[in-house]
Amino acid sequence: MRYLVFLGVLLAALPALARDYLVVGSKPSLLHVVDVAARKVVRTIKVPGRGAIFTISTTDDGKTAYVLTDGLGTIMGFDLDSGKMTFRANLSYDDVRVKNMFAMAATRDGKELWSYQSRTRLKPSEYEVLDTRIAVYDTAAGKDAKPVRSFPAPRGLSALLPSTDGKTMYAIGWEIYAFDTKTGMIKKTIGLRHWDRPNFASPDALVMWPNYSQSNVFVSPYFTVRTDKKPGEPGFAITGVMTLDLKTGQHRFIDYEDTKVLIFSMIMNPVRRNEVYGTYTTMSKVDLNGPKLVKRFNQKHTYYTVNVSSDGKELYAGGTMDDIAVFDTRTMDQIATIMIPGGGDMGASSMRMISRPALSE
């Protein structure tokens with residue numbers, strides 16, 4: 001009997017085993033938490049406001065999700081255990097209309113929320129375009145949050161990515177900017193539009209889905225052309241992978257094939273870190289060590305975004321419609337489909353992975 005009591009106390013003291021969950025949005029204004037192992041949605045939260053859910057930022061502990069919604073004009077935070085709203089920031093103020101153009105992220109410690117904002121002053125007979133900025137909110141500010149500070153930011157930002165040490169917030173736009181999280185100053189700029197690669201034109205990259213949690217490396221496809229070659233000549237149009245390590249700050253541009261298909265977003269395998277996967281109308285598996293394309297196949301329909309399990313064994317393609325396709329990362333065979341309830345499409349919503357103790361249904 002004493003043994004059983006001791007065993008019970010010991011088990012109670014052990015940390016709960018973490019499970020993988022995807023956090024996604026769908027129309028009309030719904031936030032879903034998906035248990036990927038159980039292949040089902042275990043929590044659906046009705047998000048106030050109108051329109052689709054765009055960027056989703058989750059805290060490192062997997063307890064809170066912040067969503068950009070209401071026509072890009074409102075950010076709300078939700079406790080994923082209770083489903084209750086804990087934070088709300090209406091971005092517009094006075095006679096200024098504010099839109100958060102996708103780039104939004106919570107800091108690693110979950111204490112602040114960064115929002116990239118385009119602002120327009122609505123005058124009686126004209127619109128005055130104001131400078132773009134990053135506004136920072138205290139996540140403990142409740143349901144009427146106002147910026148605690150703000151600072152200038154370049155135009156065209158589409159993703160914010162926090163470093164693992166919390167000292168840097170990377171912003172991706174025409175270039176990659178490293179903001180000091182204390183001062184708001186840009187302490188480093190990495191060339192993207194103005195990269196230093198002789199005989200290469202400026203690359204084109206669509207950076208809207210901030211997936212990095214498992215590997216802490218953000219990856220994105222890019223497309224470029226060689227200025228020393230003629231159109232139609234082998235090696236003229238190039239597809240590559242941009243990597244940004246959120247721990248070390250190291251970045252790489254890796255060309256791996258002549259351009260054949262369009263890819264919207266990519267994710268790195270957290271275990272086999274040479275493997276990345278890219279989605280749109282096709283699914284692509286790329287070996288960065290080659291670098292080379294390993295496998296590609298047509299999907300049942302378009303998927304905008306992709307994510308991966310914490311153990312690197314499963315791949316998830318989502319966005320666009322109301323289903324998430326599940327693949328085995330070694331064989332790339334589809335092994336399951338997870339349906340989003342309600343029939344509403346996910347559109348361009350983020351699909352964020354969290355790893356945390358089991359969420360009660």
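Filtering segment 201-224 to residues that are out of contact with any Pro (no Cβ under 8 Å at 6 or more places or on another chain), crowded, with 18+ Cβ neighbours inside 10 Å and either farther than 29 Å from ASP109 by Cα or without any contact (Cβ under 8 Å) to a residue 60 or more places away in the chain (or both) leaves PRO203, VAL207, TYR212, VAL217, VAL219, SER220, PRO221.
Here is a yes/no grid of residues against (1) buried (at least 19 other Cβ atoms within 10 Å of the Cβ); (2) modelled with pLDDT of 95 or more; (3) within 16 Å of GLY249 (Cα to Cα); (4) touching a strand residue (DSSP E or B) at 6+ places or on another chain (Cβ under 6 Å):
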| residue | (1), (2), (3), (4) |
| --- | --- |
| ARG155 | no, yes, no, no |
| SER158 | yes, yes, no, yes |
| ASP165 | no, yes, yes, no |
| MET169 | yes, yes, yes, yes |
| ILE172 | yes, yes, yes, yes |
| ILE186 | no, yes, yes, yes |
| THR189 | no, yes, yes, yes |
| ASP196 | no, no, no, no |
| ASN199 | no, yes, no, yes |
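Against the condition of a type in the set (Gly, Ala, Ser) and at pLDDT 95 or above, how does GLY232 come out, does it pass?
Considered against the rule, which asks whether it is of a type in the set (Gly, Ala, Ser) and at pLDDT 95 or above, GLY232 comes out as no.
For segment 131-150, the set of residues classified as part of a strand (DSSP E or B) and over 23 Å from the mean Cα position of the chain (by Cα) consists of VAL148, ARG149, listed by residue number. The set of residues in segment 135-152 being of a type outside the set (Lys, Arg) and surrounded by fewer than 14 Cβ atoms within 10 Å (Cβ to Cβ) consists of ALA140, GLY142, ASP144, VAL148, PRO152.
Per the listing THR279, THR337, THR302, THR320, the residue uniquely out of contact with any Leu (no Cβ under 6 Å at 6 or more places or on another chain), modelled with pLDDT under 95 and closer than 30 Å to ILE45 by Cα is THR320.
Among the residues of segment 15-65, the one identified as without any contact (Cβ under 8 Å) to a residue 60 or more places away in the chain, assigned to a strand (DSSP E or B) and out of contact with any Phe, Trp or Tyr (no Cβ under 8 Å at 6 or more places or on another chain) is LYS46. As a summary of the residue check, GLU128 satisfies the conditions (1) touching a residue at least 12 places away in the same chain (Cβ under 8 Å); (2) in contact with a Lys or Arg (Cβ under 8 Å, 6 or more places away or on another chain); (3) of a type outside the set (Val, Ile, Thr); (4) outside any loop (DSSP other than H, G, I, E, B) except for the one numbered (1). State yes or no: is TYR222 within 20 Å of the chain's Cα centre (by Cα), at pLDDT 95 or above, more than 29 Å from GLY62 (Cα to Cα) and hydroxyl-bearing (Ser, Thr, Tyr)? For TYR222, the condition - within 20 Å of the chain's Cα centre (by Cα), at pLDDT 95 or above, more than 29 Å from GLY62 (Cα to Cα) and hydroxyl-bearing (Ser, Thr, Tyr) - is met.
The single condition among (1) within 26 Å of THR59 (Cβ to Cβ); (2) under 22 Å from the mean Cα position of the chain (by Cα) that GLY342 does not meet is (2). One residue stands out in segment 330-361 among those that are surrounded by fewer than 19 Cβ atoms within 10 Å (Cβ to Cβ) and of a type in the set (Ser, Thr, Tyr): the one that is farthest from ASN269 (Cα to Cα), namely SER360.
The values are calculated or read from the model by the stated rules, or taken from the named source; none is laboratory data. In this text, all values refer to a predicted model and were calculated from it rather than measured experimentally. For neighbour counting, all protein chains shown are included, and Cβ atoms are generated from backbone atoms with ideal geometry for every residue, glycine included.
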